[in-house]
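Here's the structure we're looking at; comments come further down.
The values are calculated or read from the model by the stated rules, or taken from the named source; none is laboratory data. In this text the structure is predicted, and so the values were computed from the model without any measurement. A quick note on method: Cβ atoms are made from the backbone with ideal geometry, for glycine too, and the neighbour counts reach across all protein chains shown. When the accessible area is computed, the model is the full protein with side chains, heavy atoms only, and any ligands, DNA or RNA have been set aside. Shrake-Rupley method; radii C 1.70, N 1.55, O 1.52, S 1.80 Å.
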Amino acid sequence: MTFVVCAANTDAAVPRRAASDEQIIAQGQLVSSGTYVEIYQHGVTIDPSFLKVMESAYEAVQRVTGLKLDTATLGSKVRVYVSDSVGPSHVWKGYQHPSDPKAIIFLNPRVYLGAMSGKNATHIHELAHLFTWRFNSHTLREGFADYVALRILPGAAVGPNPAGEPTPRKIPTEVLEHLGTTKPPLEWASTDPVRRSAYYFASYQFAKYLIEMRDLETFMKLYVSENPEMDIKTLYGRGREEAVQAALGTRS
């Protein structure tokens with residue numbers, strides 16, 4: 001099977017982080033605080049009205065997912081740090097967030113500006129991660145976060161993928177083999193722009209297909225499953241490979 005995805009991505013021109021997440025937190029300056037969110041700046045000047053954007057996104061994620069933030073584990077408020085030292089935007093600990101879960105998000109200036117203009121939904125993607133911080137399949141996690149973001153801001157850019165219809169590009173076989181599994185994220189999923197784009201795009205298409213095939217409730221059962229590779233058959237009546245083909249086969 002050959003699948004395609006876009007080559008352009010919104011993270012490509014973002015520099016590597018010159019400061020650690022811990023340093024950004026230590027040096028960050030509080031800009032504004034609301035009911036659900038606190039905004040901090042580091043190396044950049046942030047408009048206090050960004051708080052309204054983030055609080056609106058918080059409420060929208062609650063509405064779309066039907067979930068509440070696990071404040072007992074994560075803390076009472078989401079702390080958002082906008083920093084010129086952030087490369088790809090991410091939650092605290094990145095892909096290893098469940099090892100030390102906290103309601104902390106790091107955004108680069110490009111994502112902040114896109115959120116302010118309503119053209120980039122990466123901030124919503126990261127919020128969705130906090131609401132669904134317990135996961136077993138990384139591809140389901142990333143795909144669902146994109147799905148939520150694009151339900152709230154249709155047509156927006158998200159993470160490594162730009163707004164609009166993607167330009168054809170081959171999706172690596174190893175990405176297809178990861179979809180809906182408990183395999184750890186591929187090493188290049190956060191470093192290689194083109195393959196990163198493919199990884200996130202395929203994850204989104206797979207999650208979107210599963211949600212639309214049944215409903216969100218069924219998908220969330222698969223999302224929290226400790227063995228999604230087996231449970232997809234029980235919940236959807238088809239094996240993982242068949243579901244991947246159905247979700248992405250039109251782009252072969």
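Annotations for the structure displayed:
- Ordered from highest to lowest accessible area with the whole protein assembly present and a 1.4 Å probe, ILE25, ILE171 read as ILE25, ILE171.
- A Förster radius of 35 Å combined with the Cβ-Cβ distance from GLU22 to LEU113 puts the calculated FRET efficiency at roughly 0.90.
- Solvent exposure of SER33, expressed as accessible area, is near 60 Å², computed with a probe of 1.4 Å over the protein chains only.
- Accessible surface of ILE104 - all protein chains present, 1.4 Å probe, nearest 10 Å²: 0
- Within the full protein context, the accessible area of SER49 is estimated at about 60 Å² for a probe radius of 1.4 Å.
- Bridge type composition, the chain - antiparallel percent by DSSP, nearest 5: 40
- Normalised by the number of residues in the chain, the average gap of Cα pairs under 8 Å and 6 or more apart makes the relative contact order 23 percent.
- Of [x] 111; [y] 144; [z] 122, the label for volume of the Cα convex hull per residue in Å³ derived from the coordinates: [x]
- If the chain linking GLU177 and THR35 were pulled fully straight, counting 0.36 nm for each residue of separation and taking away their Cα-Cα distance, it would gain 47.0 nm.
- Amide H partners (placed H, <5 Å) of ALA157, local residues excluded: ASN120, ALA121, ALA163
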